[in-house]
Each structure stands twice: as structure tokens, then as C-alpha cells.
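The block underneath contains the structure these notes are about, expressed in C-alpha cells.
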Amino acid sequence: MTKPASIQIRRFLSRVELESALEERLRAAITAGVSAAAGAGAAAGAGAAAGASAAGRATEAGARPPVAIMLSGGSTPLPAYRSLAARAPQAAAGLKVLFSDDRYVPSTADASNFHQSLPLIEALALPESSVLRVRTELSLEKAAEDYEQRLDALLRDGTRFTLGLLGLGADGHTASLFNAGDIQRARGHRAIPVDRPDGMQAVSVTPEVLRRFDDLVFVVAGADKHKAVQALLNGDTTIAATLAIADRAQTQVWLAGT
């Protein structure tokens, strides 16, 4: 492991304030480049005299690498997802959406992170291929392999991982990485199957994915998370969250009511 990650803390006076800030941060990540692309398209139709320069601008805009954002599960980010869905933001061309983890349950189940985020996914009107859900209709091992293969395809295509969201459990877990054993098994992988302490199973991204995000943000609310937050801020390597971000230079923690 490398030196402990530098953590930037942003505290909010209330959960509502946290949700509002998260909504705006997500909107910015989802729509990044939309205005520029629209401007390039308008310039391209301005007339033959400006054809060469407009084509150049369109090419430049088109050359932007595709981007991906990562949604987390849990109850904390859901109000922001739903509020943003109501605004129907225009997604940037080529946007991909992935998930930090998902329980091994049907994608229509209330316990599914994909299902809980569906209002936002539907509002974005993305092609099915642009939403990387965990395919829980497969066996657990195959679902993890499939998720890893699709993450690898994004990396091969040069996709830029811009914004990643994570939750933090009261036990110090993040995504579905619960302990040092999970972190150890994750080495060399982008996704792994997990037997959760609560008896459920899941598929989780790994530290190799987390380290690729430009911005990685823990979104945490509730007094029950206080000890886990302090352990994370102190670099306590007995919790999985600390180990999961150890290869990152910087990570953000947004807090309300902790």
C-alpha cells in the first residue's frame, strides 16, 4: 500500500444541504461538455464560409474522451438522485453510468442499488449499453466476471472516470468491501463477488477502479456513522474504507449530522 490518502472534508449543516450540494455536483458531472458540444454544432451550421473552422471545432469537441460516473447505493444519496431526475438533465454524449456495487438480488428488487437509482437512469435516457448494472440474472461469479469485463472495456476505450460516489457503513465498509480479506481478493481485479456479513451476496468494484476517478466522494450522513468517519479520517487500516482508497492521492468526504 502507498501512503494514506489525503482527505478533504466538507461539512454541511443539514442533510438537506448535503443533498442539494450532491445534486448539483452530479448534474455538473452528467452534463459536462453539453454546452460546448451544442455550441460546436451551431457553428457547424453557420455557413460554407466558416466550414473549415467549424469542422475543426466539431472535431475537437468530438475528440473528447467518453466519461463515466459512479453511483453509490444506500439511502443517503437517493433524494439527490430523485430530485435531479425530476430536472431531466441532458447527459453528455457518450456518458456511462456504473455502480460502486450491488446486492445479488433481482434488478427489480428494492434492495437493488440499480433499482433504487432507476428514476435518474430513466431520466437520462441513456442507451442500455451505457448503464453498467450488475447482471444479477447470471450466477454470482459470472455476474462479477461480466461486470469486470465491461469495466475493462471502458478502460480500453479511454473512458475518463470523472466522479465516483461512495457510501460509508457504520462498520467502516464501502461499496461491498467489508474487510481486509475482500481488499486482498480484489488485487488484480476491477470487480469481485462478495459474501456480505449480513448473509447476502454482492458484486463490488475494487480499489483498482476507485483510484481511477478524478473525484471520489464519500457521502455520509447520520450520527451512527461518527466512529467510522473518525476512523477513516485517522487513516485507521482496520476498516475496509481506508484500505480501499489507500492508492489514491486525494479523496473527499462530505458529511452531515455525523
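Structural remarks
- Checking each residue in the stretch 101-146 for being in a loop (DSSP other than H, G, I, E, B), out of contact with any Asp or Glu (no Cβ under 7 Å at 6 or more places or on another chain), over 25 Å from ALA32 (Cβ atoms) and of a type in the set (A, V, I, L, M, F, W, C) picks out VAL105, ALA109, ALA111.
- Residues satisfying the stated conditions in the stretch 213-258, i.e. surrounded by fewer than 18 Cβ atoms within 10 Å (Cβ to Cβ) and among the charged types (D, E, K, R): ASP214, ASP215, ASP224, LYS227, ASP236, ASP247
- Residues (touching a residue at least 40 places away in the same chain (Cβ under 8 Å) and in contact with a strand residue (DSSP E or B) (Cβ under 8 Å, 6 or more places away or on another chain)) located in the stretch 100-131: SER100, ASP101, ASP102, ARG103, TYR104, ALA111, ASN113, SER117, LEU120, LEU124
One line per residue, one yes/no per condition, for (1) assigned to a loop (DSSP other than H, G, I, E, B); (2) among the β-branched types (Val, Ile, Thr); (3) at pLDDT 95 or above:
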position	(1), (2), (3)
PHE213	yes, no, yes
LEU216	no, no, yes
LYS227	no, no, yes
THR251	no, yes, yes
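- Count - residues of the stretch 178-207 that are free of Cβ contacts under 8 Å to residues at least 60 places away in the same chain and surrounded by fewer than 17 Cβ atoms within 10 Å (Cβ to Cβ): 9
- Of the residues making up the stretch 119-154, those that are more than 22 Å from PRO106 (Cα to Cα) and either among the charged types (D, E, K, R) or exposed (fewer than 15 other Cβ atoms within 10 Å of the Cβ) (or both) are ASP152, ALA153.
- Considering residues of the stretch 160-170 that are surrounded by fewer than 23 Cβ atoms within 10 Å (Cβ to Cβ) and touching a helix residue (DSSP H, G or I) at 6+ places or on another chain (Cβ under 7 Å) only, the residue farthest from ALA29 (Cα to Cα): ALA170
- Check on ASP101, touching a Gly at 6+ places or on another chain (Cβ under 7 Å) and modelled with pLDDT of 95 or more: yes
- Options ALA186, ALA123, ALA91, ALA86: the member that is farther than 20 Å from ALA28 by Cα and modelled with pLDDT of 95 or more: ALA186
- Residue in the stretch 77-100 that is under 19 Å from ALA191 (Cβ atoms), among the polar types (S, T, N, Q) and assigned to a loop (DSSP other than H, G, I, E, B) present: yes
The values are calculated or read from the model by the stated rules, or taken from the named source; none is laboratory data. All values derive from a computational prediction rather than experimental measurement. Using ideal geometry, Cβ is built from the backbone for each residue, glycine included, and neighbour counts are taken over all protein chains shown.
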